[in-house]
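Below is one structure; the comments refer to it alone.
The values are calculated or read from the model by the stated rules, or taken from the named source; none is laboratory data. Because the structure is predicted, anything quoted here is derived from the model rather than measured. Glycine also receives a Cβ, built like all others from the backbone with ideal geometry; neighbour counts cover every protein chain displayed. Quick note on the areas: whole protein, heavy atoms, side chains included, nothing else; ligands and nucleic acids left out. Shrake-Rupley method; radii C 1.70, N 1.55, O 1.52, S 1.80 Å.
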Amino acid sequence: MAPSGKAPIYLDYNGTTPIDPEVCRAMSLMMSQHWGNPSSSHYYGVQAKKAIETARRQCAELIGAEPGEMTFMSNGTETINQALKGLAEMGEAEGRRHFITQASEHVAVLEVCKALERHGCEVTYLPVDAEGLVNPQTLEAAITPRTICVSIMHSNNETGALQPIKEIVQRVRKASNRVYVHCDASQSLGKLPVDVNKLLGFSCDASRREVGCGPVDHGRPQALRAQRSWCLVQAIHRSSFASAPPWCRTGVGAPGEHRECDPHRGPGESVRDRAEGPGEEPEAHARDARQVISATSSRPWLQSMAPRSGQKLVFEGHLMRQNGPLEARLPNTLSASFFKVEANTLLSEAADEVAASAGAACHSDEVHMSHVLEAMGVSKEWAMGTCRFTLGRESTGQEVDQAAKVLAKIALRLMPGGPDEA
């Protein structure tokens, strides 16, 4: 808590977000009145089923997909596992078990790729340039007759770098019309317009946690968009109470036992609690995107990192640098490195007034260099002082200015040759 008694300024919206009040009200209604099993044919089940279908339609409209292409799952990691492992199984019969991703991809994808390698798949990890971007030509050259999938995220969760997905998809199609494109758009939805038709991707993941409306742990809906030529294969086998359409591939459970795969469900027995808040959350996401895009951009924020006391941090100079592209980036995300300053120390000293993360939020308790910064070729002297500052629709210009003053003052003191060493 700050000396003034106020809560710290929150600058970690890429990590997680507060629940929108509209979503809270909608969730409360679902839990108190429409708590039925959507697979049941009685009144309570029908009400829950209607709510889920409303949510499915609104989520589809949000990303330019069809309702029948939407699948709710519990989180982004589950969705990635389902998509990539399903493709690995599907490609096995055809002898196509080669995957392509990038060295700076989210760890959820990288860990699945490592697991696939242990099961006989081949994975190509493409390098990225100093801004964290993949070269589409290099990607095209990596495609072979055995390639089944290219998995490249839309925006990086640490630096905000936007990959040239449209060009990547075009080059994949040029090389082969049998290769699927998987795109993790978890960080982009709610900050930039995401239209799967314009991106021309075959699969697009989007997570509630980074969008900024619904609950964080239990019950956050995760939408996976898959064209009907892509068969979802179950990663977890279970009983099912709903029939699967003919285009959904059957998974295999215990020996001699077959389970139907409902493409509108994740591995849980019911999706009611996963899609709670229907009718509110997708619409709130659309508003969120417009508000964030119009109200925030990281470049002016970066330039305001100089404290008002007259001391100054040099943009791309000796004291502070920005990681990632200047323009092709999420408008709310700033990855800033302070020369030879330990990021954890900086944020610890600022903790009463500013809440942010050192590197990616899920790595904030580790001191080794982020794999993203390592892939970009950032030196250890800069990488050790990297902080991620991310804005949300609750952020204000006054908060940004105040946070800049606090962080700059502490960073200058901690830097070699700073006031403490003078």
Worksheet item: Can you name every residue in region 350-362 that is aliphatic (A, V, I, L, M), open to solvent by 30 Å² or more (accessible area, probe 1.4 Å) and in contact with a Gly (Cβ under 9 Å, 6 or more places away or on another chain)?
Response: Ala361
Practice prompt. With respect to His154, determine if the residue is open to solvent by 30 Å² or more (accessible area, probe 1.4 Å) and on the phi < 0 side of the Ramachandran plot.
Written response: no
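Residues checked against (1) modelled with pLDDT of 85 or more; (2) aromatic (Phe, Trp, Tyr); (3) in a helix (DSSP H, G or I):
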site: Asp352; (1), (2), (3): yes, no, no
site: Asp365; (1), (2), (3): no, no, no
site: Leu407; (1), (2), (3): yes, no, yes
site: Ile410; (1), (2), (3): yes, no, yes
site: Pro419; (1), (2), (3): no, no, no
Worksheet entry | Tally, over region 43-77, of residues that are touching a His at 6+ places or on another chain (Cβ under 9 Å) and among the aliphatic types (A, V, I, L, M) | 5
Worksheet entry | Positions within region 42-69 being surrounded by fewer than 22 Cβ atoms within 10 Å (Cβ to Cβ), over 21 Å from Val196 (Cα atoms) and among the β-branched types (Val, Ile, Thr), in sequence order | Val46
Worksheet item: Has region 113-127 got any residue that is touching a residue at least 40 places away in the same chain (Cβ under 8 Å) and loosely packed, with under 14 Cβ neighbours inside 10 Å?
Response: yes
Worksheet item: Quick one: how many residues across region 322-349 are assigned to a helix (DSSP H, G or I), in contact (Cβ under 8 Å) with a residue 60 or more places away in the chain and either among the hydrophobic types (A, V, I, L, M, F, W, C) or open to solvent by less than 10 Å² (accessible area, probe 1.4 Å) (or both)?
Response: 1
Item to complete: Evaluate the following for Val181: is it in contact with a helix residue (DSSP H, G or I) (Cβ under 7 Å, 6 or more places away or on another chain) and either among the acidic types (Asp, Glu) or open to solvent by less than 10 Å² (accessible area, probe 1.4 Å) (or both)?
Response: yes
